[in-house]
Each structure stands twice: as structure tokens, then as C-alpha cells.
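Here it is, the structure, as C-alpha cells.
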Amino acid sequence: MSYKDKEKIKAYHKAYREANKEKLKYYIKAYHEDNKEKIKAYKEANKEKNKALNKAWREANKEKIKAYNKAWREANKEKIKAYKKEKNKAYYEVNKEKMKANSRHYAKNNKGIINAISSKRRADKIRATPSWANLEKIKEIYKNCPKGYHVDHIIPLRSEYVCGLHVENNLQYLTATENLQKSNNIINKYL
């Protein structure tokens, strides 16, 4: 093989690396173990050069990196899920009071939104929200609820005789006392 034929040499080296993956892996690991200080010194002396080479490689191999990362995420869904759960749990433990304070602050300043979300969740649970319901209007009704009042379903979502829908024209404002007394009944004036 001629030393001037670069493509042949390149192909030979590639084939050799493919055929001897484990052997090379072992040699590289052993070399790194035996030359930690030398490698560290080289990296320190060539920080900028290595940074530029790494950047150039990433730029040239964007699609390859993207495909590798996607395949890794697909193969490790459970591992990622467990990691995120553990990380979130650890963050929560460290910042428990801060997160609770943030939640209370948000709930206090966005009562209408919180009430709309809670009612929507309950309504969805029993499938009382039709596809044609104006969700923005419903949210607005909850958001504009006067202090001391509740948003009530005129025809209750769950009742012994009839079940209403979670739609804008089935909502009204009632004082907290009236709403709690009404429970899931229909007030006579609507019959």
C-alpha cells in the first residue's frame, strides 16, 4: 500500500478500528489511566484549540448528533423519567417552602383562573363540557367572580333528576352561603 494514497490509508484505518473495537477500547482506557497528568496538562495547554475542534465537529455532525440523541432518548425513556422524577423530588425537598409560597401567591393573585381550572377539571371528569363550549367565556366568568361569591351551575353537573353542562349560559354568581345551601339542586325559579 502506497503511503501517498490517503483514501486507501483512511479506509484501512477505519476497517482496522471497526474490526478491533474492544481491543482499542481497552488500550485507550489503559493509556488514559497511566497518563492522567499528561492528558490533563495537554487539555489545559490546548483549551482553545480543543474548543474550536469540538465546535467544528458538532457543526459538521449536527444531524448525526441529533439522530444519536433521539435514539438514546427513545432507548432510555424509563431512565430519563426516573431521573427527572428524582431531580424534581430533590429540588422540591430543597425548595419546598419557596415552591409552596409561589403556589399560594399565584393562587391568591389568580383566583378566577384557579377556580376555572378546578371547575373544568371536575367537569371533564364527568364529561360535562361539550366541544362547542366557549372555554374563554367560561374562564372569564370565573375570573370576574365578585369577592364573596361562587360561580354556580344553574343546572347542576350532577343531580338526581338531570345533569347540566359546563357551558357559559349555565353559570351564575351566587353568594357562598347560597351556593353551599343550593348544593346540587335546581333553584325553583329555573323550573
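Residues of segment 168-183 being farther than 9 Å from VAL151 by Cα, in a helix (DSSP H, G or I) and of a type in the set (S, T, N, Q), which ones?
ASN169, ASN170, THR177, GLN181
Considering (1) surrounded by 14 or more Cβ atoms within 10 Å (Cβ to Cβ); (2) part of a helix (DSSP H, G or I), say which one THR129 fails and leave the rest.
Of (1) surrounded by 14 or more Cβ atoms within 10 Å (Cβ to Cβ); (2) part of a helix (DSSP H, G or I), only one is false for THR129: (2).
Can you pull out the helices (runs of 4 or more DSSP H) entirely within segment 1-117 that have at least 2 residues that are under 40 Å from the mean Cα position of the chain (by Cα), acidic (Asp, Glu) and at pLDDT below 95?
Counting at least 2 such residues, we get 21-34, 77-94.
Does GLU37 meet the test of being within 21 Å of THR175 (Cα to Cα) and of a type in the set (Asp, Glu)?
no
Do you know which residues across segment 63-74 are surrounded by 10 or more Cβ atoms within 10 Å (Cβ to Cβ) and of a type outside the set (Val, Ile, Thr)?
Once the filter is applied, which keeps residues that are surrounded by 10 or more Cβ atoms within 10 Å (Cβ to Cβ) and of a type outside the set (Val, Ile, Thr), segment 63-74 yields LYS64, LYS66, ALA67, TYR68, ASN69, LYS70, ALA71, TRP72, ARG73.
The values are calculated or read from the model by the stated rules, or taken from the named source; none is laboratory data. In this text, all values refer to a predicted model and were calculated from it rather than measured experimentally. Quick reminder, even Gly has a Cβ in these numbers, built from the backbone with ideal geometry, and neighbours come from all protein chains shown.
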